[in-house]
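The values are calculated or read from the model by the stated rules, or taken from the named source; none is laboratory data. These figures come from a predicted structure and were not determined experimentally. Glycine also receives a Cβ, built like all others from the backbone with ideal geometry; neighbour counts cover every protein chain displayed. Each accessible area value is taken on the protein alone, full model and side chains, heavy atoms only, with ligands, DNA and RNA left out. Shrake-Rupley method; radii C 1.70, N 1.55, O 1.52, S 1.80 Å.
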Amino acid sequence: LGLFFLSVGMGIDLRVAIDTAGWLLLSVIGLFTIKGGIIAAVALLFGRGRIVALEMALLLGQGGEFAFVVLGMAERLGLLQLEISQFMLLVVSLSMALTPLTALLGRRIAQSAAHRDAERANGVAQTEQLEGHVLICGFGRVGQSVARLLDAEQIPWAALDLDSATVARERQADLAAAILGAMI
């Protein structure tokens with residue numbers, strides 16, 4: 001593996017990096033944006049939260065080692081010009097070199113969001129103040145229907161939900177009189 005990366009590194013012409021520094025930077029950003037956007041969209045489709053999807057995009061948005069193999073083969077077969085192949089090798093290499101920084105950024109964003117959610121949950125009614133309330137576990141479509149029925153009967157209730165976005169949305173919509181917050 002070390003020999004493979006050494007041979008890839010020896011094949012890169014640093015003059016290309018100097019001559020195309022602006023385009024190189026824009027291409028690395030573009031690679032992270034496009035690949036990260038696709039990864040984030042797939043994560044959201046599979047039910048992950050926005051913060052988790054962003055963290056995944058930042059962690060996995062770089063080019064991979066297989067790109068070295070594909071680019072080398074395409075150059076040898078004459079499918080890519082040498083200049084384009086060199087440029088793409090630099091883009092992939094730089095994106096891989098930036099991965100630890102983007103992973104750290106993603107982790108910090110996730111920690112910051114978790115901290116905000118915890119602070120938001122602390123600002124909500126405390127459980128010690130509740131007596132005689134019906135506890136609704138899950139505030140999706142069914143939980144909201146149960147809450148409306150309880151409201152119609154003037155029965156006090158409190159709701160818990162794993163999705164902090166649902167809790168915040170319903171709190172803002174003033175649908176619920178007392179939502180305790182997201183369980184983490």
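Things to note:
- A simple rule links phi to the HN-Hα coupling: the Karplus curve 6.51 cos²θ - 1.76 cosθ + 1.60 with θ = phi - 60°, which for region 18-30 gives 5, 5, 10, 4, x, 5, 5, 4, 5, 5, 5, 4, x Hz, with x for Gly and Pro.
- Estimated FRET transfer efficiency when R0 is 45 angstrom, pair R148-T33 (beta carbons, to 0.05): 0.60
- Low-density loop cleavage sites - chymotrypsin sites (Phe, Trp or Tyr not before Pro) in region 1-68, where at most 14 other Cβ are within 10 Å (DSSP): F46
- Percent RCO, i.e. relative contact order, over region 34-83, from Cα pairs under 8 Å lying at least 6 residues apart: 32 percent
- Taking all protein chains together and a 1.4 Å probe, the residues V142, V42 rank V142, V42 from largest to smallest accessible area.
- The 3J(HN,Hα) values that the Karplus relation (6.51, -1.76, 1.60; θ = phi - 60°) gives for region 83-94 are, in residue order, 5, 5, 4, 4, 4, 5, 4, 5, 4, 5, 4, 5 Hz. Gly and Pro appear as x.
- In a DSSP loop and with at most 11 other Cβ atoms within 10 Å, there are no GluC sites (Glu not before Pro) in region 39-77.
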